[in-house]
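Bear in mind these aren't lab numbers, they're just calculated from the coordinates by the rules spelled out. This is a predicted model, so every value here is computed, not measured. Ideal geometry is used to build each Cβ from the backbone, glycine not excepted, and the neighbour counts take in all protein chains shown.
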Amino acid sequence: MSRNDSTDVVVIGSGFGGAIPAYRLAAGGARVEILERGPWLTGDDFDHDFKFGSSSTRAFEFTMGDGMNVLGGNCVGGGSVVYFAAMPRAPRYVFGRRGGIGERMWPRTIDRDALDPWYDMVAESLPITRQDWDDVTYSGGLFAAACSRAGRTANPVPAAIDRDRCTNCNWMMSGCRFDAKRSLLLNYLPAAVVHGARIRPLHEVQRITRTGDGYRVHYNTVDEVDYRVVTGSGTIDCKLVVVAAGAAATPVILQRSEEDLGAMPEAVGRYFSGNGERLNTAVVDEDKVRELLKLDRGDGRAYEAYQIGKGPVCASWDKLDGSLPEFSRYSLEQLYFPPGFGTILAQAPEAAGPTWFGTEKKEMLRRWQSWLTIFIMSEDDNEGVFGPPPETGNADRVSQQMLSRGALSYRPSADTRAAWKRADEDVRDILERDGLARVMPWNDEVIGAYTVHPLASCRIGDDPETSALDDTHELRGHPGIFVTDGSAVPGALTVNPAFTIAALAERAVPGIVAAAGRRGLPVRYVAEPPPSVSSSAWARTADR
Ligand SMILES: Cc1cc2nc3c(=O)[nH]c(=O)nc-3n(C[C@H](O)[C@H](O)[C@H](O)COP(=O)(O)OP(=O)(O)OC[C@H]3O[C@@H](n4cnc5c(N)ncnc54)[C@H](O)[C@@H]3O)c2cc1C
Ligand code: SF4
């Protein structure tokens, strides 16, 4: 079955980059259709389970590449549904980064001062709050104590979490059933729907073609259980397209559209950054925790609390220092990864046999409650390149849900490797002192690098040679197509990126409103924050 519709604006993807323009354009009077390839889940759908068909397998996509694997959201709300809600602003020096190309990556119009008012809007809308030491969990406290003993500082991480509602259940990656995690399901998306925007879940965009006065967006509908099965197709004609399918998908859609739209800017599908990420797993010696750090839970246990908490609550930002040279700046964030990829791929420290399976790994798993994961976000060199797009979809799906193989290849440069090595050694220096823990850095030899923060595959910038978008996020050579997701961010941020992606999306909206005006659409810019709703109330009223 095929259908053809028309509207003013089509938004592709419903994560931070899609939801924010969708709300503001709908509130300003535009007719908006949001196409989302994943299912539409809300509070009551979020399971505390990993079985097939639970929210854990429905809401995720793990895309394997050559040298780089990307984990991302695959549902209405995108990454905001599965994220850990750590929301720091990008440090000032980030906006002056030059990287391997040797020239400023960010447009000259954007620095921290210019972005702060847009950060403020997002902070008010989600909202984002400061966490205090009282909110820091055992694992966060353990990392902070280890940092302090090593002469370092650590701080609670600002988060989009309603602290009064949070139960510390640590099921962040399966969606929050308590409405404590401030995902886009609680603010921008319901507000967009109130203003007439329509969300179409299980609609996977394939390509964009040109019409007489705008664009035609082509999609397939996919089965709600087996995402490999196409159940229909259709098109929507529109005046403007906002592409926000995430940095692992946006370049694929644009590359496939080249045949009809004409040549894409050289930077589409190039300069991908994995935000310089590494996962270091430490196995802590409980006796040393008591002896060296003087920590005690009061019930005979010193720590044994890896599983208690709410994602990252504590980070060391000593190296977010603009006076340091590029590739030596990074943050170290304590993190919890539930059983799954993070546990399977964690390597046994100093194993004599295989590191990610075998007897030593089994022994390591037995001590799982004594783990501490330290997440490194450093500066990489934008080495990722997307190859030719697959025939359909963003990547070739290899199972009903969750797993696909994509066309991204990533060969870390010497600078990136040096940055990873510095950060790895720093984690060791903090945690291995006097035998407190044994640390195993992420080992690329098993599956290559890995990121939950894909960035920069279709980036903003001043130089048309190295940036696909101008500083208004319009795709060079294709007026009326805007890209507002993580792919627009020029490079690694050395901190979690969602807040910056959201702030950039907010900043892009006035330019999109102006473009709508040039096409005769009577859209005005609306600055009011979206009202908050509960996800179960929305589930009852929304036409899913
Ligand atoms: C486990 C995990 C934890 C994280 N924790 C944090 C954190 O604590 N702090 C932080 O800052 N960031 C975190 N992130 C990263 C954060 O979620 C992303 O940076 C952010 O969501 C990216 O926003 P985006 O708009 O670029 O893309 P997304 O949020 O990924 O949205 C893109 C949307 O487009 C949809 N889509 C893709 N292809 C198509 C298509 N062809 N047609 C239609 N729709 C499509 C996707 O299903 C998705 O819903 C985390 C990510 C993960 C996976
Ligand atoms: S830890 Fe808190 S915010 Fe996270 S899923 Fe549980 S209740 Fe929600």
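Report the paramagnetic label zone for Asn168: residues of the range 361-375 whose backbone N is under 17 Å from a point 7 Å from Cα along the Cα-to-Cβ axis. Within reach of a label on Asn168: 369-373.
Computed over the chain, the quotient of the alpha carbon radius of gyration and 2.2 N^0.38 Å is 0.92.
Give the peptides 5-15, 232-242, 288-298 in descending order of average Cβ contacts within 10 Å, highest first.
Values: 5-15: 25.7, 232-242: 21.6, 288-298: 14.9.
Per-residue Cβ counts within 10 Å, averaged per peptide and sorted highest first, yield 5-15, 232-242, 288-298.
The range 227-259 and the range 179-195 have their alpha-carbon centroids 23 Å apart.
Each helix, a run of at least 4 DSSP H residues, gives -39500 (n - 2.57); summed and divided by the residues of the chain, these come to -7500 deg cm²/dmol at 222 nm. Does the range 179-247 classify as rounded, prolate or oblate by the C-alpha gyration tensor (a ≥ b ≥ c root eigenvalues; a/c under 1.5 gives rounded; else a/b over b/c gives prolate, otherwise oblate)? Verdict is oblate for the range 179-247.
In percent, rounded to a whole number, the relative contact order of the chain is 25, using alpha-carbon pairs under 8 Å and six or more apart. Spherically averaged projected area of the convex hull of Cα atoms, the range 235-284: 5.9 nm².
Give a quick list of trypsin sites (Lys or Arg not before Pro) in the range 14-122 that DSSP marks as loop, anything other than H, G, I, E or B, with at most 12 other Cβ atoms within 10 Å.
Details: sites: Arg24, Arg31, Arg37, Lys51, Arg58, Arg89, Arg92, Arg97, Arg98, Arg104, Arg108, Arg112; in loops: Arg31, Arg37, Lys51, Arg89, Arg97, Arg98, Arg104, Arg108.
Sparse-neighbourhood loop trypsin sites (Lys or Arg not before Pro): Lys51, Arg98, Arg108.
Coordinate range of the alpha-carbon atoms in the range 170-320 per principal axis, descending: 73, 37, 31 Å.
Between Arg98 and Asp120, how high is the FRET efficiency from 1/(1 + (r/R0)^6) when r is the Cβ-Cβ distance and R₀ = 30 Å? Nearest 0.05.
Details: r = 28 Å, r/R0 = 0.92.
Efficiency for this residue pair is about 0.60.
Relative to the dominant Cα principal axis of the chain, helix 138-149 is inclined by about 60°.
Show me the three semi-axes of the equivalent ellipsoid for the range 246-388, from the C-alpha gyration tensor (sqrt of 5 times each eigenvalue), largest first, rounded to whole Å. Working shown, then result.
On the way: eigenvalues 306, 78, 39 Å².
Each semi-axis is the square root of five times an eigenvalue, giving 39, 20, 14 Å.
Computed packing ranks the peptides 363-375, 68-80 as 68-80, 363-375, most packed first, by mean other Cβ atoms within 10 Å.
Spatial offset of the range 133-148 relative to the range 1-75 amounts to 34 Å, using the alpha carbon center of each.
For the range 470-544 and the range 347-370, what is the separation of their C-alpha centers, rounded to whole Å? Measuring centre to centre over Cα atoms gives 44 Å. Volume of the convex hull of the range 1-145 (Cα atoms only), normalised per residue: 250 Å³.
Label 7 Å along Cα→Cβ of Glu286; the range 356-381 residues with amide nitrogen under 15 Å? Those under the cut-off are 364-372.
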